[in-house]
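Report on one structure; see the data block that follows.
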Amino acid sequence: MRAVPDTFMNRTLQTIIRPDVLAMKSYPVADATGLVKLDAMENPFLLPADLAARLGEHLAAVALNRYPAPRPAELLARLRTQMGVPAGCEVLLGNGSDELISIVSVALSKPGATVLAPAPGFVMYEVSARLAHLGFIGVPLKPDFGLDLDAMLAAIDAHKPSLVYLAYPNNPTGNLFDDAAIERVIAAARDALVVIDEAYQPFARRSWMQRIVEFENVVVMRTVSKLGLAGIRLGYLAGSPDWIAELDKVRPPYNVNVLTQATLDFMLDHLDVLDAQAAVLRNEREKLVASLSRLPGVQVHPSAANFVLVRVPDASFAFETLLAQRVLVKNVSKMHPQLTNCLRLTVGTPDENAQMLAAMAVALEA
Ligand SMILES: Cc1ncc(COP(=O)(O)O)c(C=O)c1O
């Protein structure tokens with residue numbers, strides 16, 4: 001371990017900051033300047049110029065001197081209608097789903113409580129759980145990345161979690177878990193909150209949203225990030241009013257800023273533009289899967305999301321070779337033993353995908 005110089009500041013930090021925080025690293029975000037950015041599952045398309053100009057006018061009229069509405073009733077009503085939230089359900093807004101994950105963690109952080117999720121899964125479930133002093137159990141997926149139902153049921157029985165996450169589709173594997181298996185998990189976790197995370201719903205076009213009314217312990221979490229609005233940071237969680245009322249107590253009062261609310265308000269009238277972009281990306285994903293499958297030594301996993309997980313002979317070498325050709329992807333090899341030599345490739349524009357495929361061919365030939 002690196003020796004920490006004995007200064008007043010270091011002594012103070014070492015004394016009062018939590019030891020687990022001192023040992024942590026900040027969430028890594030690669031600098032993508034000048035690179036083809038295929039590492040973060042963003043939608044690569046901008047808004048059409050005329051729409052962006054109209055959005056600019058809409059934003060210019062926003063009162064920046066005022067705090068945002070904490071529960072913007074009209075906006076929430078429109079969001080519920082447009083996103084197909086069932087009647088009788090409420091919605092909680094977050095500064096991205098990341099914040100919703102933190103809110104849920106804090107609300108359930110009773111001493112000794114545990115969070116359970118399939119692994120490999122979205123890293124923030126564990127980070128947020130641990131920051132809230134919750135235990136975290138990652139239940140390994142099957143080798144084909146399907147849900148290991150027996151293992152999930154045994155882990156629920158053994159650990160009696162307060163919270164279970166199911167990402168649908170899962171990140172970083174990209175697949176949709178089997179619906180019947182999910183139903184069994186929901187039934188087994190009847191004393192827990194089950195969060196079905198549908199961050200990639202625009203690309204899967206399958207959803208549990210309509211079914212939340214069937215289960216008292218299920219909420220659905222979504223984000224507008226992957227749809228094309230990652231920059232505004234807006235996630236939403238739909239569920240029964242009882243869940244939402246409790247979680248709302250943990251939400252910082254002005255968590256969704258006025259510019260985000262105004263952008264959402266504007267974009268709810270133009271979802272067709274974002275839906276059309278998602279359709280292009282779904283089509284690009286299929287082309288990308290077909291092209292990647294033709295490359296020697298690449299194992300391609302089926303994806304219902306806007307990224308594709310591939311296993312290559314040497315992920316570090318492939319990652320560096322892509323980077324040398326100015327293509328940035330995500331090397332997820334070290335995230336979990338089941339991801340050895342895996343890269344996660346975000347689906348980009350046709351041109352970006354062609355550049356990535358050409359770079360990948362070089363990486364595999366070398
Ligand atoms: C499964 C899953 N949930 C949630 C998120 C976070 O989304 P947001 O941008 O709304 O914080 C991500 C982001 O990659 C994700 O993969």
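One table, with the values for the structure above:
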| read-out | value |
| --- | --- |
| Some residue of the range 38-56 being more than 16 Å from the ligand (Cβ to nearest atom), farther than 30 Å from Pro350 by Cα, open to solvent by 40 Å² or more (accessible area, probe 1.4 Å) and not hydroxyl-bearing (Ser, Thr, Tyr) | no |
| Neighbours by Cβ (under 9 Å, 6+ apart or cross-chain): first from the range 86-100, over 17 Å from Thr223 (Cβ atoms); second hydroxyl-bearing (Ser, Thr, Tyr) | Gly88/Ser240; Cys89/Ser240; Glu90/Ser240 |
| Within the range 118-233, strands (runs of 3 or more DSSP E) holding 3 or more residues that are within 22 Å of Gly96 (Cβ to Cβ) | 163-167, 193-197, 218-223 |
| Condition check for Lys287: farther than 30 Å from Ala63 by Cβ, part of a loop (DSSP other than H, G, I, E, B) and among the charged types (D, E, K, R) | no |
| Test result for Gln210, more than 16 Å from the ligand (Cβ to nearest atom) and either in contact (Cβ under 8 Å) with a residue 40 or more places away in the chain or within 14 Å of the chain's Cα centre (by Cα) (or both) | yes |
| Check on Glu74, charged (D, E, K, R), within 19 Å of the chain's Cα centre (by Cα) and farther than 17 Å from Val224 by Cβ | no |
| Filter result (more than 23 Å from the chain's Cα centre (by Cα), among the hydroxyl-bearing types (Ser, Thr, Tyr) and in a loop (DSSP other than H, G, I, E, B)) within the range 313-351 | none |
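Yes/no per residue for (1) among the small types (Gly, Ala, Ser); (2) more than 16 Å from the ligand (Cβ to nearest atom); (3) crowded, with 17+ Cβ neighbours inside 10 Å; (4) within 18 Å of the chain's Cα centre (by Cα):
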| residue | (1), (2), (3), (4) |
| --- | --- |
| Val123 | no, no, no, yes |
| Glu126 | no, no, yes, yes |
| Ile137 | no, yes, yes, no |
| Ala167 | yes, no, yes, yes |
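The values are calculated or read from the model by the stated rules, or taken from the named source; none is laboratory data. Because the structure is predicted, anything quoted here is derived from the model rather than measured. Note: ideal-geometry Cβ built from the backbone for every residue, glycine included; neighbour counts use all protein chains shown. SASA here: full protein model, heavy atoms, side chains in, ligands and nucleic acids out. Shrake-Rupley method; radii C 1.70, N 1.55, O 1.52, S 1.80 Å.
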